[in-house]
Amino acid sequence: MINLIKSKSLLLILFAFALINVVIINSASSNTSASETENNQRIYDKAGLLSTSEYEDLEQLCIEYGEDAGIDIYILTHNDSDSVYPEAYIENFEDTLPVGDRVYFLYDKYRGEIFIEGYGLAETYIHSKRIDLIFDQMMTDLRAKAFYDAFKTYISLSASYMKDDFEINEDHDYSYSSEYQSETEKSNYSNGSESYDYDSYYDEPRTPKEESILTNLWFQIIASLVIGAIVVGTMAYNSGGKMTVQGNNYIDPGHSGLIGRRDQYIRTRVTRVRKPTQNNNSGRGGFNAGGFRGGVSLGGRSHSSGGRKL
Amino acid sequence: MVVHYKCPNCGADMAFDSETGLLRCDSCGRTDNIEKMAGEKQPPSGGTVTYDMSEEDKRAAEAAFEKDYEDDKDEDTPAHHATFTGNEATEYHCKNCGAVLITDTQTTATTCNFCGAGVVLSDRLSGSLAPVKVIPFTINKAQAQEAFIKWCKKGRLTPKDFMNADRIKNITGLYVPFWLYDLNGRGEAEATCTRVHTYTRGDWIYTETKYYYVYRKVDLNYLRIPCDASKKMDDSMMDKLEPYHYDNLKDFNMPYLAGYIAEKYDYDDQKLLPRMKERVNSYVENYIRSTISGYTTVSFHRKDINIRQKRADYTLLPVWMVCYDYKQAEHNFAMNGQTGKIVGKPPLSAKRIAAWFLGISTGTFAILRILTMLLGGGLS
Ligand SMILES: [Zn+2]
Ligand SMILES: [Zn+2]
C-alpha cells in the first residue's frame, strides 16, 4: 500500500513537470503573437534614425524591390540597452512571423553594431560572403550617418543578389565551429576596427533572463497542493477496499489463448528536426563546410548571418 | 419445511463449526461430517418433479424482480399479489420451542429468536432454488470481530474514536446467493502499431516511425466468476470481496447453513448475464492488449468481442456483515467469510485528511524546492 502511494506520487510529480513544460511552451508562444498584426510594415526604426519622408520612401522601396526579388526586405534599428545581442535580436523577430523568405538589416545603436541575416531563399542567396560585400558598400554612408543612403544600398544590393546564381550557398548546416571561424575571420576582417567579435556573445543568453516557471514559487505551491489533494483523494477513495481481482484470477489457462496473430510491416516514415541549440559555451552559429556563416533561431529556423562593428 | 439439527446424543442444537467444517454440538462435543450426511441432502438426486412451494417462490421472486427493475410504478396484478401474499403468509415455527420464526421472503436459513436454534427452511432450498455449491465459513464470529477491530485501527483517514471499534452493533454470518459463471470469450482485434526510433546525425534529430498492421484472435475460457444475486447486497461491495478460493468449494448440503442466516437469489443467471458480459468483455480486451507488445504506440481500429455463457451454478458464499454505530449513523461493512477481506466505506476524519494532505503537500513542496536549488545552480 505504501509502495503504491509512493509510485503514484512519483507519477504525479512527473505529471506536474509535464504540465510545467506545457505552460512554458504556451507562454513562449503567447509572447510573440503581438507583432503579427502589422504585416505590411518593413521598417522598424526604433532608434529614430529616419525622418518621416525618408521612412515612407524606404518602406516603398523595400516593398517594390522585395516583390521583384521574391523576398521580404526588413530594416530594424534600436537603441535599447536591455536588448539581446544583434544575432538573437533578429532571430527572435523572425520567430514571430510565419516561415518565409526574408532578409534583415539591424542597426543596434546601443552596441554600435550592424547585422544582416537571411532566411528561406535569402539564406541561400544572401549568404555570409555576400553580406560582407553589402556591408562593404554601406560602411562609408553609415559612418557618415547617411542612413537613408546606406539603407537604399542595402535594399538594392539584397534584391540584386537574389537574382545572382553565380556563387550561392545551398548548405545550411552550420555545424563546423571553431576551425573555420578563426581562419575566415582573420582573412575577412583584417582591418581590426571593423571586425565583429562573434565570440563575445557566446556566453550571453538569447533572451533576457526571466524566471522559469519551473522555479516559480507560486507554481510549486499550487503543484504541491494538487499532488497532495490527488494522493489523499485516492486514499479516501480506496479506504472502503478495492477490486483486487482481474481476468487472470478466473481464466482457465489450459483452455485459453491466442488462436490467431499477424504482425505485418507496412511502411516507414522518417522525419528530422534540427537539434535545439543550447545556451552553452560552445557558441551558437558557426560555419558550414563551404565556410559560410550562419545559425539557427530558437524557433529552429536556419539563417545566414554576418555582422560588423561600426 | 423447517429443518432443525438436534444432537442425537444429548438433544441440544447443533450448528456448523467453521474451524472443523463439521456439524457440531456445543453441549456434548459430538461432530458429524456434513459431506457424509447424504440423507439430509435436498432435493434427493433424481427426485420427482413436484408441484411445490419452491416453484411458487421462484415465480414470486421473478415478479418482484420485474417490478423493481423494469417498472416500479406498475400496479401489482392480482396474480402477483396473490402469489406474494401466499408466500409471505407462510409461517414457519421453530421445531425446538414452537415460536414463530421471523423470516422474510428471501430467508432460507435463520436462527430462532427465542431459543437460538439454527434452522433451515428446506422448501426454499429445493427444485430450481437448490444451491449447487457452497463455500462454508472458515472464519467464525470471534475471529471476524477481531479482524474487523484490527482493520479499523489500520485506517489512515478514519477518526480516532472509530478506530476503537467499540460500537459494533451486530455481526451477522450470512450466506449470500451468487451465481458462479463459466464463460467463453472470443475476441478479434485489428490495430495499427508503430515502433519509433530516434537517432542523431550531425545537427539533425531523425525520428524513424515504422508502421505495422497487427491482428489478434483469442479464445478464452473463464471459470467460476461470481456475481451476487441478492437485491439487498451492494453489487460493488460484493465484487470487492473477491477473490474466493475454490479449493474449499463444496457440494451444497443444508447442514452448512445451520446457525447462519441464508437467503435465496432474487435474480436468476439470465438476468445477471449482461452485467457479467460487461465484466468479461474488459477481461478479454485486456488479454488482447497484453498479447501486443514491443510497440511504441497501439491504436485499435476494430475490436469484436463475443461473450457466451457456458454454465452458471447457484452458489452460496460466506459473508460477515458488520453493522457499526458511529455518531448516530450506521456503517455497514462486509467481510469475506473465507479470506477475511473487508470492504465498506468507513467514516473519514476531516482532521486526519487535512493532516495527510498537509504532510504530502509540504513534502512535495520541499522536494520541488530542493530540485529547484539543484537545477537552478546548474542553469545560472
Ligand atoms: Zn450433544
Ligand atoms: Zn426456538
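The values are calculated or read from the model by the stated rules, or taken from the named source; none is laboratory data. Given the structure is predicted, the values throughout are model-derived calculations rather than measurements. Because the Cβ atoms are built from the backbone with ideal geometry, glycine has one as well, and the counts that use them run over all protein chains shown. Ligands, DNA and RNA are excluded from the accessible area calculation, which covers all protein heavy atoms including side chains. Shrake-Rupley method; radii C 1.70, N 1.55, O 1.52, S 1.80 Å.
The figures follow:
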| item | result |
| --- | --- |
| Rounded if a/c under 1.5, otherwise prolate or oblate - segment B:205-271, Cα gyration tensor axes | prolate |
| Cβ neighbours within 10 Å from other chains - mean over B:330-343 | 1 |
| Label-point gap, in nm, between residue B:355 and residue B:311 - each point 7 angstrom along Cα→Cβ | 5.2 nm |
| Sorted peptide list for A:116-124, A:257-265, criterion being average Cβ within 10 angstrom, highest first | A:116-124, A:257-265 |
| 3J(HN,Hα) from dihedral phi, segment B:248-253, Karplus parametrisation 6.51/-1.76/1.60, rounded to Hz, x for glycine, proline | 9, 7, 10, 5, 5, 8 |
| Paramagnetic label zone (point 7 Å from Cα along Cα-to-C-beta, residue B:208; backbone N under 14 Å) in segment A:240-279 | A:267-272 |
| 24 Å Cα-Cα threshold exceeded, pairs from B:154/B:231; B:153/B:327; A:242/B:133; B:217/B:250; B:133/B:217; B:210/B:303 | B:154/B:231; A:242/B:133; B:217/B:250; B:133/B:217 |
| Ranking by accessible area, most exposed first, for A:172, A:127, B:245 with a 1.4 Å probe | B:245, A:172, A:127 |
| Calculated FRET value between residue A:51 and residue A:166, using beta carbons and R₀ = 30 Å, to 0.05 | 0.25 |
| Heavy atoms of residue B:290: accessible area, 1.4 Å probe, square angstrom to 10 | 80 Å² |
| Largest-first ordering by accessible area, 1.4 Å probe, given options A:165, B:32 | A:165, B:32 |
| Exercise: per-residue mean of other protein chain Cβ atoms within 10 Å, A:67-80 | 0 |
| Unit charges on C-beta of K, R, D, E only; dipole of segment B:103-195, Debye | 540 debye |
| Summed residue charge, Cβ within 13 Å of residue B:290's Cβ, Lys/Arg positive, Asp/Glu negative | +2 |
| Cα Rg over Rh - segment A:51-164, Kirkwood | 0.93 |
| Using a Förster distance of 60 Å, the FRET efficiency for residue B:186-residue A:41 (Cβ separation, nearest 0.05) | 0.35 |
| Global size of segment A:81-121 as Cα Rg and Dmax, reported in angstrom | 10.6, 32 |
| Segments B:250-261, B:296-307 sorted - mean Cβ within 10 Å per residue, highest first | B:250-261, B:296-307 |
| Gain on full stretching of the segment that runs from residue B:140 to residue B:374 - 0.36 nm per residue minus C-alpha separation | 78.5 nm |
| Area hidden from solvent between A and B (accessible, protein heavy atoms only, 1.4 Å, total, Å²) | 5400 Å² |
| Carbon plus sulfur fraction of accessible area for segment B:183-257, probe 1.4 Å, in percent | 44 percent |
| Karplus-derived HN-Hα couplings along segment A:112-117 (A = 6.51, B = -1.76, C = 1.60, θ = phi - 60°), whole Hz, x at Gly and Pro | x, 10, 10, 8, 10, 9 |
| For segment B:286-380, average projected area of the Cα convex hull in nm² | 15.0 nm² |
| Residues of segment B:217-234 buried by at least 30 Å² on assembly (accessible area, 1.4 Å probe, chain alone as reference) | B:217, B:219, B:221, B:222, B:223 |
| Orientation-averaged projected area, Cα convex hull of segment B:99-195 (nm²) | 13.9 nm² |
| Average beta carbon contacts from partner chains per residue of A:217-228, 10 Å cutoff | 5 |
| Linear extension gain, residue B:196 paired with residue B:339, 0.36 nm per residue minus alpha-carbon span | 46.9 nm |
| Residues whose placed amide H lies under 5 Å from that of residue A:72, excluding near-sequence neighbours | A:101, A:102, A:103 |
| Rounded to whole Hz, the Karplus (6.51, -1.76, 1.60) HN-Hα couplings of segment A:253-270, x for glycine and proline | x, x, 10, 9, x, 6, 10, x, 8, 8, 10, 10, 5, 10, 7, 10, 10, 10 |
| Ranked order, B:100, A:245 - accessible area, probe 1.4 Å, largest first | B:100, A:245 |
